[in-house]
Amino acid sequence: MTDEELLNCVRAGDREAFCRLVDKYAKPLTMMILRMVKDREDARDISQHVFLRAYERLPHLLNPSSFKTWLYKMAVNAVRDHLRKPRRTFVPDVLDGLADPSDSAACLLEKEHDKRRIRAAIQDLPLKQRMTLQLRVFEGLDYEQIAQILGGRANGAKGNFFHAVKSLKQKLDTKK
Amino acid sequence: MRNLDCGKAQDWIVSNLDNRLDCDDRRTLERHLATCRACRDAEIAYQNLWASLKGAMPEDPGEAFWNDYRVSLNKKLDEASSRRPVAWSLRAFPWKATAVVVPAMVALFLVVFLGLGGEATRQPFVDHAGCQKLFQELSEIYGPTSEEIIPGAYFDFVTTTVAYSRRATATRLLPRWFEVEDEPNQPYL
């Protein structure tokens, strides 16, 4: 069933149809949030909050074919709100668990060092560039969808993406 | 054949990594890279960066996380449903469309079926003799009458409109109804 058909079922009172939408989008949406907030518990809370709001606000969704963009837009706004709050405690980085057990110790150290540099460089980007980069590289969204989610136009999203990639390269080149 | 400057080439390198370069542009870029050492180095740097970005994805939290996610979300959805079941169904109702359609239907019903659009205030002629008498009286009061407008226009206080049909005979018009508008307390009949 398409999103549109499932949404019609939800509007007719079918909760199971909403659960199917959750099954479809929960993982990619939560992973996107996780990449941005870097904490599993926070990512889970934000993601669930987004689905609850979506459930409550579905009657106001005028164009059911844009459900995915609508959902991501709510998620990005929730992440922005979350990131504006001051950090309460130290948050361990989720990227810390990426080590491949087959690698040698030196190789692991080098990889870990590279990852830290990349994470730091991404973290230094302006929020909009960082979100554009993540939506394009990790979520595979096109510039039109990114513009709908973050606001602005497709060309602006493309510009943000290019700036982000070039800034990253520049930062990583200078830090070597 | 198109020449490519190094600034443009670096944009195209990023577009190419993003799979957004068409075949012709890709060939142009490849030709430029074959002759430009600096851009070739930049391409390698971008490729490494791209691979690092792709590799920097956080690992999947695991099945236990997702099971817990579903259970706790279902619980929250249950709470949300039980908290406002009526509100949900009310909100699902298409109020905007209803606000437009219902008044339009009511207005249509009033005009078509109850005839409140003006016809009901018009006085029907019940017989031809009565009609003739009316016209005579109106002529005596207001002067000669035209075919359609009895000359209320000549008087400030009254306007009389008469509608005709050809039902009576093929050649002669028969008034069907008339309406008279006047200022209050101005007797005209």
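Read-outs throughout are calculated quantities, based only on the coordinates presented, and are distinct from any laboratory measurement. Since we're looking at a predicted model, the values are computed, not measured. Glycine gets a Cβ as well: all are built from the backbone with ideal geometry, and neighbour counts include every protein chain shown.
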Taking the Cβ of A:Ser66 as the center, what net charge do the other residues with Cβ under 14 Å away carry, scoring Lys and Arg +1 and Asp and Glu -1? -1
If you count, for every residue in B:69-78, the Cβ atoms of partner chains within 10 Å of its Cβ, what is the mean? 5
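So for each of A:75-81, B:75-81, A:4-10 I average, over its residues, the number of other beta carbons within 10 Å; can you give me the resulting order with the highest mean first?
Details: A:75-81: 18.4, B:75-81: 13.9, A:4-10: 16.7.
Ranked from most to least packed, the peptides come out as A:75-81, A:4-10, B:75-81.
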Could you work out [θ]222 nm for chain A from helices alone, using -39500 (n - 2.57) per DSSP H run of at least four and dividing by all its residues? Round to the nearest 500 deg cm²/dmol. -24500 deg cm²/dmol
Normalised radius of gyration for chain A, please: alpha carbon Rg relative to 2.2 N^0.38 Å, two decimal places. 1.17
Surrounding charge for B:Trp50, neighbours by C-beta under 14 angstrom, Lys/Arg +1, Asp/Glu -1, total +2
Need one number: nm distance between label points at A:Leu52 and B:Asn67, each 7 Å from Cα along Cα→Cβ, rounded to one decimal. 2.4
To the nearest 0.05, the calculated FRET efficiency linking A:Lys27 and A:Arg153 through their beta-carbon distance, R0 being 41 Å, is 0.90
Cα to Cα, under 25 Å, and not fewer than 8 places away if on the same chain: which lysines meet these conditions relative to A:Lys73? A:Lys24, A:Lys27, A:Lys38, A:Lys85, A:Lys128, A:Lys158, B:Lys54, B:Lys75, B:Lys76, B:Lys96
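Taking neighbour Cβ counts within 10 Å as the exposure measure, how do A:Lys169, B:Lys8 sort from fewest upward?
On the way: A:Lys169 19, B:Lys8 16.
Starting with the residue having the fewest Cβ neighbours, the order is B:Lys8, A:Lys169.
Can you compute the FRET efficiency between B:Thr98 and A:Glu144 using 1/(1 + (r/R0)^6), with r the Cβ-Cβ distance and R0 = 35 Å? Round to the nearest 0.05.
Working: r = 34 Å, r/R0 = 0.96.
The formula returns an efficiency of 0.55 here.
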Can you give me the C-alpha center-to-center distance between region A:107-140 and region B:20-45, rounded to a whole angstrom? 24
